[in-house]
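Computed from the coordinates by the stated procedures, all read-outs in this text should not be read as laboratory data. In this text, all values refer to a predicted model and were calculated from it rather than measured experimentally. With ideal geometry, Cβ positions are generated from the backbone for all residues, glycine too; neighbour counts draw on all protein chains shown.
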Amino acid sequence: MNEAQAYLNGRFVPCAQASIPISDAGFVLGATVSEQLRTFGGKLFRLESHLGRLGHSLEVVGLDPRISPSEIARIAQQLATHNHRLVQPTDDLNLTMFFTPGPYSSMVEPGAATSPTVCIHTFPLPFRLWADKYTGGQSLVTTSIEQVSPRSWPRELKCRSRMHYYLADAEAQRIDPQARAVLLDEHGCITEATTANLLIYTAGQGLVGPPHEKVLPGISLAVLVELAQRAGISYSQRELRPEDLATADEVLLASTSISVIPVTRFNGQAIGRGKPGPVQEMLLTAWSRLVGVDIAAQANRFATR
């Protein structure tokens, strides 16, 4: 098979042929539990951790995918191995898995048999979207869009109901075309950036993040904390407000695709010296050693493709 494959509801199919009915509750309601992970050198990174978070999300929603974690892991490994052969050897993949309840009840015949939708697929990482961030940094702004209340769904649920991300980033880019949004809660406290955990660093306090119960438990965040603690940098959590970002020595974003990038501007003002700081650079180097890939160099290599 010389084309990328996907797994959909019990079958391997070409990615180009993987399709889901418009009656699926994932489309109708956005009722989709998901996980995204990436490869380094063609190898899936922290698969077990992602599967653990996935299992908790499925429990929160009450969704039985009718497939075991070990089978999901086997399929994910098989797809990553097969599909990585079809890209450049020095390139890498995003692997996405998502699960929905299947057909929305009001759009199927009464009594019709239904089953959950299970899909696992990959695509080449679009390094061009963030290659310049390792050296130039990311700009962040606050917007009028609040983080979803935990009374709507718990923060530890990894799902695709993300209209607030879309609206927040759209507003952010009207303020600054290069910016992403920071989401505040109803009390004006920092929760996270869209699709990324956020940390600040100060010489006196080390790395500081929002309280764990207020944010998605990021796999990349956990890796970053591990690397920091190995280097003797402390990590703690407390409520953070916009002024904490504005006065930090460094601000970092951590997520699956990017690993860790610096924030160099916040609400139009420079963070620290307005360029990547030594802690972010040290942590990125440590992460590169951990996975055997120069993360920034890999992204830069594919920036213009």
Exercise for the section: Please give every one of the aspartates and glutamates within straight-line cross-link reach of LYS275, meaning a C-alpha to C-alpha distance under 16 Å, and leave out same-chain neighbours fewer than 8 residues apart. Expected result: ASP132, ASP249, GLU250
Completion exercise
Label model pair ALA231, LYS275: point-to-point distance (7 angstrom along the Cα→beta-carbon line) in nm is 1.8
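Give me the extension gain from ALA203 to TYR166: residue separation times 0.36 nm, minus the current Cα-Cα distance, reported in nm with one decimal. Intermediate results must be reported in sequence, preceding the final value.
Values: separation 37, 0.36 × 37 = 13.32 nm, distance 3.40 nm.
Result for the pair: 9.9 nm of gain on full extension.
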Fill in the blank from the handout: Given unit charges at Cβ for Lys, Arg (+) and Asp, Glu (-), the dipole magnitude of the chain about its Cα centre in debye, nearest 20, is 640
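Kindly work out what percent of the DSSP beta bridges joining two residues of region 104-247 are antiparallel, to the nearest 5. Provide the component values of the computation, followed by the final result.
Values: 7 of 15 bridges.
Antiparallel bridges make up about 45 percent of those DSSP assigns within region 104-247.
With a ≥ b ≥ c taken as the square roots of the eigenvalues of the C-alpha gyration tensor of region 133-301, please select rounded if a/c is under 1.5 and otherwise prolate if a/b is larger than b/c or oblate if it is not?
Values: a/c = 1.42, a/b = 1.31, b/c = 1.08.
Judged from the Cα gyration tensor, region 133-301 comes out rounded (a/c under 1.5).
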Problem - Neighbourhood net charge (13 Å Cβ-Cβ; Lys/Arg +1, Asp/Glu -1) for PRO276 - result: 0
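Which order results if CYS119, CYS189 are arranged by neighbouring Cβ count within 10 Å, fewest first? Working shown, then result.
Working: CYS119 20, CYS189 17.
Going from least to most buried by this count: CYS189, CYS119.
Apply 1/(1 + (r/R0)^6) to the Cβ-Cβ distance of GLU239 and ILE20, taking R0 = 35 Å, and write down the FRET efficiency to the nearest 0.05. Can you show the working numbers first?
Details: r = 40 Å, r/R0 = 1.15.
Once rounded, the FRET efficiency stands at 0.30.
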Problem - Simple Cβ-charge dipole of region 1-116, Lys/Arg +1 and Asp/Glu -1, about Cα centre, in debye nearest 20 - result: 280
Practice task
Just name one of GLY136, ALA168, SER115: the one whose Cα is farthest towards the positive end of the charge dipole of the chain (beta-carbon charges, Lys/Arg +1, Asp/Glu -1).
Solution key: GLY136
Practice task
For THR32, enumerate residues with amide H under 5 Å from its amide H, sequence gap 5+ or separate chain, H modeled in the peptide plane.
Solution key: ARG160, SER161
Problem - Radius of gyration, Dmax [the chain; alpha carbons; angstrom] - result: 19.8, 64
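Among DSSP beta bridges whose residues both lie in the chain, state the antiparallel percentage, nearest 5. Let's see the in-between values first.
Numbers: 43 of 54 bridges.
Antiparallel bridges make up about 80 percent of those DSSP assigns within the chain.
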Problem - Student exercise, region 78-151 dipole from Lys, Arg, Asp, Glu Cβ charges, in Debye to nearest 20 - result: 80
Problem - Under-5 Å amide H pairs with LEU63, H placed in peptide plane, nonlocal only - result: none
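Let's test the formula: R0 of 30 Å, r as the Cβ-Cβ distance of ARG151 and ASN300. What FRET efficiency results, to the nearest 0.05?
0.10
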Exercise for the section: Using the charge dipole of the chain (Lys, Arg: +1 at Cβ; Asp, Glu: -1 at Cβ; taken about the Cα centre), state which of GLY188, ASN267, PHE45 has its Cα farthest towards the positive end. Expected result: PHE45
Fill in the blank from the handout: For region 133-301, the charge dipole (Cβ of Lys, Arg +1; Cβ of Asp, Glu -1; about the Cα centre) points to a positive end, and the Cα of ALA246, LEU283, PRO217 closest to that extreme belongs to LEU283
Fill in the blank from the handout: THR285 and MET107 label points (each 7 Å along its Cα→Cβ direction) are spaced in nm at 5.2
Completion exercise
Per the 1/(1 + (r/R0)^6) rule, R0 = 30 Å and r from the Cβ atoms of ALA246 and ASP132, FRET efficiency to 0.05 is 0.85
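Please report the relative contact order for region 133-301, taking Cα pairs under 8 Å with a sequence separation of at least 6, and give it as a percent rounded to a whole number.
Working: 310 pairs, mean separation 40.9, N = 169.
In percent, rounded to a whole number, it is 24.
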Completion exercise
Here the relative contact order (percent) of the chain, from C-alpha pairs under 8 Å and at least 6 apart, is 18
Handout entry: Gyration tensor verdict on region 184-258 (Cα atoms; rounded if a/c is under 1.5, prolate if a/b is larger than b/c, oblate otherwise)
Key = oblate
Completion exercise
Under a Gaussian network model of the chain whose springs join Cα atoms within less than 10 Å, the largest fluctuation of LEU253, LEU29, LEU51 belongs to LEU29
Exercise for the section: Starting from the Cα of GLU48, step 7 Å along the direction of its Cβ; do the same at LEU86; then give the gap between the two resulting points in nm. Expected result: 3.0
